[in-house]
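Presented below is the structure to which this report refers.
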Amino acid sequence: MRHLFIYTFYFIYLLFFNTLKNKIIVYIINMPLTKEEKKEYDRIYRQKNKDKIKEKRKDYLKEYYTNNKDKINQQNKEYYTNNKDKIKQRSKEQYTNNKELILENQKKYRENNKEKIKEKIKEYNKTEDGIKMRRIKTWRRLGVICEDFDNLYEKYINTNNCEECNVELISGIYGINKKCLDHDHETGLFRNVLCHICNLKRK
């Protein structure tokens with residue numbers, strides 16, 4: 001009888017102790033962290049899971065861009081339009097301050113990603129911005145001088161008839177009525193949007 005009592009008491013003691021211990025553990029786990037403790041915890045977590053966090057963020061940004069591509073491109077375009085001078089100045093300063101490092105990184109990237117770059121350029125040239133950029137680049141190469149090539153390009157693509165003979169203009173590189181940008185070959189200044197025949201006469 002005595003042994004039974006001892007065993008019963010011991011069992012109750014263990015049960016009470018384990019219950020109390022579990023409650024203490026739960027309390028400690030659920031106890032709110034101070035601002036400094038949370039900051040330190042986050043720092044340790046980021047340090048231990050650096051690669052995992054980086055990969056997860058990369059996947060998230062990729063998925064977000066895929067699902068919001070048009071919206072993001074439109075926002076970027078609007079921001080660039082509204083902050084063109086500011087962006088150019090910031091880019092110029094950044095390039096000046098880090099010229100050697102930037103050139104070295106660009107060289108390494110080109111050497112390691114030749115096919116990738118070629119494919120990206122090919123895809124970009126098919127886009128509206130790519131077509132615009134190539135057109136303006138051609139004008140510059142031919143000696144056209146203009147303070148605002150964006151406005152000049154808008155006039156060019158929205159002009160449907162020759163400003164000399166009024167014939168309907170066509171896009172492309174062939175045809176007597178293909179669209180041409182006429183400019184003064186001495187000053188480089190833009191004059192008119194003409195058909196091929198009228199452009200030749202001006203020369």
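The values are calculated or read from the model by the stated rules, or taken from the named source; none is laboratory data. Predicted, not measured: the structure shown is a model, and the values here were computed from it. No Cβ is skipped: glycine too gets one built from the backbone with ideal geometry, and neighbour counts run over all protein chains shown.
Whenever a residue of region 100-122 is under 24 Å from MET133 (Cα atoms), its partners that are part of a helix (DSSP H, G or I) and hydrophobic (A, V, I, L, M, F, W, C), lying with C-beta atoms within less than 9 angstrom and at least six residues away or across chains, give the pairs TYR109/ILE117; ARG110/ILE117.
Taking only region 151-203 into account, find how many residues are among the aliphatic types (A, V, I, L, M) and in contact with an Asp or Glu (Cβ under 7 Å, 6 or more places away or on another chain).
Summing the residues that are among the aliphatic types (A, V, I, L, M) and in contact with an Asp or Glu (Cβ under 7 Å, 6 or more places away or on another chain) in region 151-203 gives 2.
Taking region 144-187 as the search range and keeping residues that are assigned to a loop (DSSP other than H, G, I, E, B) and among the hydroxyl-bearing types (Ser, Thr, Tyr), which one is surrounded by the most Cβ atoms within 10 Å (Cβ to Cβ)? Filtering first and then ranking leaves THR159. Note on region 90-114: residues that are in a helix (DSSP H, G or I), surrounded by 10 or more Cβ atoms within 10 Å (Cβ to Cβ), more than 19 Å from the chain's Cα centre (by Cα) and polar (S, T, N, Q) amount to 0.
Among ASN125, ASN192, ASN199, which is the only one that is of a type outside the set (Gly, Ala, Ser) and closer than 30 Å to ASP70 by Cα? Full working, then the answer.
Details: ASN192 fails: closer than 30 Å to ASP70 by Cα; ASN199 fails: closer than 30 Å to ASP70 by Cα.
None of the others qualify; the one that does is ASN125.
Criterion applied to THR66, THR81, THR8 was being modelled with pLDDT under 85 and either in a helix (DSSP H, G or I) or out of contact with any helix residue (DSSP H, G or I) (no Cβ under 8 Å at 6 or more places or on another chain) (or both), and the one residue passing it is THR8.
Find all pairs meeting these conditions: Cβ atoms under 8 angstrom apart; at least six residues apart or on different chains; first residue within region 53-82 and closer than 29 Å to ASP150 by Cα; second residue hydroxyl-bearing (Ser, Thr, Tyr) and surrounded by 10 or more Cβ atoms within 10 Å (Cβ to Cβ). Taking only residues 6 or more apart or on different chains, the pairs are ILE72/TYR65.
Can you confirm whether region 154-176 contains a residue that is of a type in the set (Phe, Trp, Tyr) and closer than 26 Å to ASN73 by Cβ?
Of all residues in region 154-176, those of a type in the set (Phe, Trp, Tyr) come to 156, 174.
Subset that is closer than 26 Å to ASN73 by Cβ: 156.
Checked region 154-176: at least one residue is of a type in the set (Phe, Trp, Tyr) and closer than 26 Å to ASN73 by Cβ.
Looking only at residues of region 150-203 that are touching a residue at least 24 places away in the same chain (Cβ under 8 Å) and of a type in the set (Phe, Trp, Tyr), we find that the one that is farthest from THR81 (Cα to Cα) is PHE190.
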